[in-house]
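Data first, discussion second: the structure below is written as structure tokens.
The values are calculated or read from the model by the stated rules, or taken from the named source; none is laboratory data. Since the structure is predicted, the reported quantities are computational estimates derived from the model, not experimental observations. Backbone-built Cβ (ideal geometry, glycine too); neighbour counts: all protein chains shown.
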Amino acid sequence: MDMDQVRQAYASVAELYIELFGTRQQVHADDLAFIGRHLAGRPGAVLDLGCGPGHITDHLRWLGVDATGIDMVPEFIAHAQAAHPSGSYQLGSMEDLAVADHSIAGILAWGSLIHLPPEDLDGVLAEFRRAIAPAGTLVLALFVGDEVAAFDHKVVTAYRWPVDEFSERLARVGFTEVERLQRPSEGTDRPHAAIAAIATEG
């Protein structure tokens with residue numbers, strides 16, 4: 001599986017996805033609080049990578065963050081631009097960010113890393129570290145399991161991770177975890193974790 005297959009899979013269900021998940025009110029309050037706690041109140045640009053319908057990007061901008069939403073699915077970007085016309089949204093890939101080294105204050109990757117094959121994760125995290133300034137913040141969310149394993153996500157194959165192992169991957173490329181939020185399965189929701197990490201010097 002490659003990212004083009006992921007893009008096509010999301011494009012095919014974009015309208016339904018937007019209906020089910022496309023507003024701030026459909027995001028868990030604890031998640032919004034976690035995101036705001038680590039990305040609001042600091043100067044500099046923040047990238048919301050895999051922004052989908054743009055609702056969390058819009059929430060960040062409501063909090064005063066200079067946030068830009070980036071997604072590889074044209075249908076999501078078109079919706080975000082129409083629904084949040086004062087925002088900034090663009091097509092792009094998190095595997096190759098079109099920004100200068102150490103120029104970004106923060107990155108949000110909220111569930112947008114779940115479809116990456118495990119062997120591709122380190123390269124993407126290294127690209128995040130290249131883009132983020134020292135002491136900048138990375139906030140991400142992932143699905144949790146006892147081992148790294150693929151599962152049948154409703155849209156396209158995704159992966160679950162042990163949280164400690166994912167945190168170790170972050171440390172390899174120069175991030176230090178500063179807070180973790182975990183939530184067990186609730187109804188049809190799978191076990192979930194969020195990590196906030198700071199880019200170390202060097």
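From the list I114, I132, exactly one residue is among the β-branched types (V, I, T) and closer than 15 Å to G174 by Cα. Which is it?
None of the others qualify; the one that does is I132.
Counting only residues that are exposed (fewer than 14 other Cβ atoms within 10 Å of the Cβ) and small (G, A, S), which one in the range 93-125 is farthest from the chain's Cα centre (by Cα)?
My answer is A100.
Looking at the structure I just gave you, is A40 more than 16 Å from the chain's Cα centre (by Cα) and either modelled with pLDDT under 95 or of a type outside the set (D, E) (or both)?
no
Give me the pairs: first residue in the range 19-35 and among the basic types (K, R), second residue surrounded by 12 or more Cβ atoms within 10 Å (Cβ to Cβ), beta-carbon distance under 9 Å, and six or more apart or on different chains, which are they?
From the range 19-35, the pairs are R24/L32; R24/H55; R24/I56; R24/D58; R24/H59; R24/W62.
Only one of A141, A150, A158, A109 is free of Cβ contacts under 8 Å to residues at least 24 places away in the same chain and closer than 22 Å to A9 by Cα; which? Spell out the reasoning first.
Working: A141 fails: free of Cβ contacts under 8 Å to residues at least 24 places away in the same chain; A158 fails: free of Cβ contacts under 8 Å to residues at least 24 places away in the same chain; A109 fails: free of Cβ contacts under 8 Å to residues at least 24 places away in the same chain.
None of the others qualify; the one that does is A150.
Return the residue satisfying two criteria in turn: it lies in the range 156-185 and is in contact with a His (Cβ under 7 Å, 6 or more places away or on another chain) and aliphatic (A, V, I, L, M), and of such residues it is surrounded by the fewest Cβ atoms within 10 Å (Cβ to Cβ).
Restricting to residues being in contact with a His (Cβ under 7 Å, 6 or more places away or on another chain) and aliphatic (A, V, I, L, M), the top hit is V156.
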